[in-house]
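Before any comments, here is the structure.
The values are calculated or read from the model by the stated rules, or taken from the named source; none is laboratory data. Since the structure is predicted, the reported quantities are computational estimates derived from the model, not experimental observations. Ideal geometry is used to build each Cβ from the backbone, glycine not excepted, and the neighbour counts take in all protein chains shown.
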Amino acid sequence: MPGPLHGIRVIDMTSVGMGPMATQMLGDMGADVIKVESAEGDVFRHVTPQRHAAMSHTHLNLNRNKRSAVIDAKTAEGRARLDALIGGADVFISNMRAPAMRRLGLDYATLQARFPDLIYCACYGYSEQGPYAGRAAIDDTIQAASGMAWLQGGAGAEAPRYVNSVVADKVVALYVANAVTSALLARERGAGGQAVEVPMFECMVAFLAPEHLAGLTFVPPEGPAGYARLLNEYRRPFRTRDGYMSVVPYTTAQWQRFFALAGNPEMAQDPRYLTLNSRSRHFPELYRYIETVLGERTTAQWTELLATADIPFAPVNGFEELLADPHLRAVGFWHESEHPTEGRLIQAGLPVRFSRTPGDIRRHPPGLGEHTAEILAEADRAAKTP
């Protein structure tokens, strides 16, 4: 049985990270995704490393299960071609700012009049409803604006810094995919087409707020922002005798077992550590304690002890280790394929499983304009069909 979005067609006018990741997820779930690009192509095609021009590693990792068509929406001919594609689509997604879309006549009000059943998803930096509307945004600026960089700097204890990943792009991509599939379900239930706005700033603030709004949740405040366990200076992978690992006792029973493994079972009766409520006031000293005792044994010794005691732990992996990880290998996580121009590739596969309608990887990441003729011919045939 094909994937859950089989039969859905998506016109993808996004670039860089957020939009392409979201539309790749839709493609992985079975949607027919048409990536509409300018003659220069998505800018993420051109970063390094790459083997051939316009086929960067980021493009290869964000654009499988798509077809690429080069269409210049600024010309009358190109706009007519794009309209023909939109007319045969279920979803239109863009991460261009709203003023640019209005200038092109690709805003929701214009398209809705012609295509009332269309799901129109606009994803950009800031909501059009506020004073930051139309402001340029990219992952780093949203990390800064949303509080992420402040949190990475210890909530003001150190200089702010960015996460070493385009985390805002990728988190908001999840919101985009969720919003689009929700709108499709609503249409299926009779709601018709609609506009969906997914602003990065608001999504990232919503993403960070559950734990880090903290004392500011209450009116008046019951303390500052920031979840203490996450912000304590000792929260980090700990050094063992021969390496590093992550160890996080969390429940009372887990702490009791950890104290016993460390040779200090009496600590389980210390009033400071009896309950989660009391431990939450002493996270720095508890994590400093973990750091001290982990240095007494090797990583392999701790791995055996912690696994037996059912205490959360993990090695500190790099991507070389992840490619060889026995669990990821066993579940078939890494997808290897032969690309027609780029040769042998390794990509992350689909991390979710459906028992009846599984997603799959059907198409290699396309070359720039690889499917233009094919896609336009399909549109012409559809236009001639009564």
Residue 86 vs (1) hydrophobic (A, V, I, L, M, F, W, C); (2) crowded, with 16+ Cβ neighbours inside 10 Å; (3) assigned to a loop (DSSP other than H, G, I, E, B): all pass except (3)
Residues 41, 17: which one is of a type in the set (Gly, Ala, Ser), within 20 Å of the chain's Cα centre (by Cα) and crowded, with 17+ Cβ neighbours inside 10 Å? 17
Please enumerate the residues belonging to the stretch 266-317 that are part of a loop (DSSP other than H, G, I, E, B), in contact with a Lys or Arg (Cβ under 6 Å, 6 or more places away or on another chain) and under 24 Å from residue 224 (Cβ atoms). 282
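Suppose the filter is assigned to a strand (DSSP E or B) and under 19 Å from the mean Cα position of the chain (by Cα); does residue 33 pass it? Working first, answer last.
Numbers: assigned to a strand (DSSP E or B): yes; under 19 Å from the mean Cα position of the chain (by Cα): yes.
Criteria met by residue 33.
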Anything in the stretch 168-179 that is among the aliphatic types (A, V, I, L, M) and buried (at least 18 other Cβ atoms within 10 Å of the Cβ)? List them, or say none. 168, 171, 172, 173, 176, 177, 179
Inspect all residues belonging to the stretch 326-338 and state whether any of them is on the phi > 0 side of the Ramachandran plot and in a loop (DSSP other than H, G, I, E, B). yes
Looking at (1) modelled with pLDDT of 95 or more; (2) within 23 Å of residue 168 (Cα to Cα); (3) more than 19 Å from the chain's Cα centre (by Cα), find the lone condition where residue 230 falls short. (1)
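Do we find that residue 156 is among the small types (Gly, Ala, Ser) and at pLDDT below 95 in this structure?
yes
It is to be established whether one or more residues within the stretch 123-137 are assigned to a helix (DSSP H, G or I) and more than 27 Å from residue 86 (Cβ to Cβ).
The answer is no, given that none of the residues of the stretch 123-137 is assigned to a helix (DSSP H, G or I) and more than 27 Å from residue 86 (Cβ to Cβ).
Go through the residues of the stretch 254-265 one by one and say whether even a single one is closer than 29 Å to residue 351 by Cβ and surrounded by 13 or more Cβ atoms within 10 Å (Cβ to Cβ). If you could, list the steps in order and put the result at the bottom.
As a first pass, look at the stretch 254-265 and keep what is closer than 29 Å to residue 351 by Cβ: 254.
Those still in the list that are surrounded by 13 or more Cβ atoms within 10 Å (Cβ to Cβ) too: 254.
Within the stretch 254-265, one or more residues are closer than 29 Å to residue 351 by Cβ and surrounded by 13 or more Cβ atoms within 10 Å (Cβ to Cβ).
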So, residue 10, is that one touching a residue at least 60 places away in the same chain (Cβ under 8 Å), touching a strand residue (DSSP E or B) at 6+ places or on another chain (Cβ under 7 Å) and not in a helix (DSSP H, G or I) or not? yes
Which of the residues that make up the stretch 157-201 are out of contact with any helix residue (DSSP H, G or I) (no Cβ under 9 Å at 6 or more places or on another chain), in contact (Cβ under 8 Å) with a residue 12 or more places away in the chain and not small (Gly, Ala, Ser)? 184, 187
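For the stretch 55-65, does any single residue satisfy the condition of being among the basic types (Lys, Arg) and either under 15 Å from residue 373 (Cα atoms) or surrounded by fewer than 15 Cβ atoms within 10 Å (Cβ to Cβ) (or both)? Reasoning before the result, please.
Going residue by residue through the stretch 55-65, those that are among the basic types (Lys, Arg) are 64.
Among the residues that remain, those that are also either under 15 Å from residue 373 (Cα atoms) or surrounded by fewer than 15 Cβ atoms within 10 Å (Cβ to Cβ) (or both) are: none.
Within the stretch 55-65 (the criterion being among the basic types (Lys, Arg) and either under 15 Å from residue 373 (Cα atoms) or surrounded by fewer than 15 Cβ atoms within 10 Å (Cβ to Cβ) (or both)), the answer is no, since none of the residues qualifies.
Any idea which of 297, 281, 257, 239 is under 26 Å from residue 156 (Cβ atoms) and either without any contact (Cβ under 8 Å) to a residue 60 or more places away in the chain or β-branched (Val, Ile, Thr) (or both)?
Numbers: 297 fails: under 26 Å from residue 156 (Cβ atoms); 257 fails: under 26 Å from residue 156 (Cβ atoms); 239 fails: under 26 Å from residue 156 (Cβ atoms).
Residue meeting the stated conditions: 281.
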Among the residues that make up the stretch 133-144, is at least one of them farther than 16 Å from residue 14 by Cβ, touching a residue at least 24 places away in the same chain (Cβ under 8 Å) and polar (S, T, N, Q)? yes
Take the conditions touching a Pro at 6+ places or on another chain (Cβ under 6 Å), under 30 Å from residue 167 (Cβ atoms) and of a type in the set (D, E, K, R) and apply them to residue 45. Does it pass? no
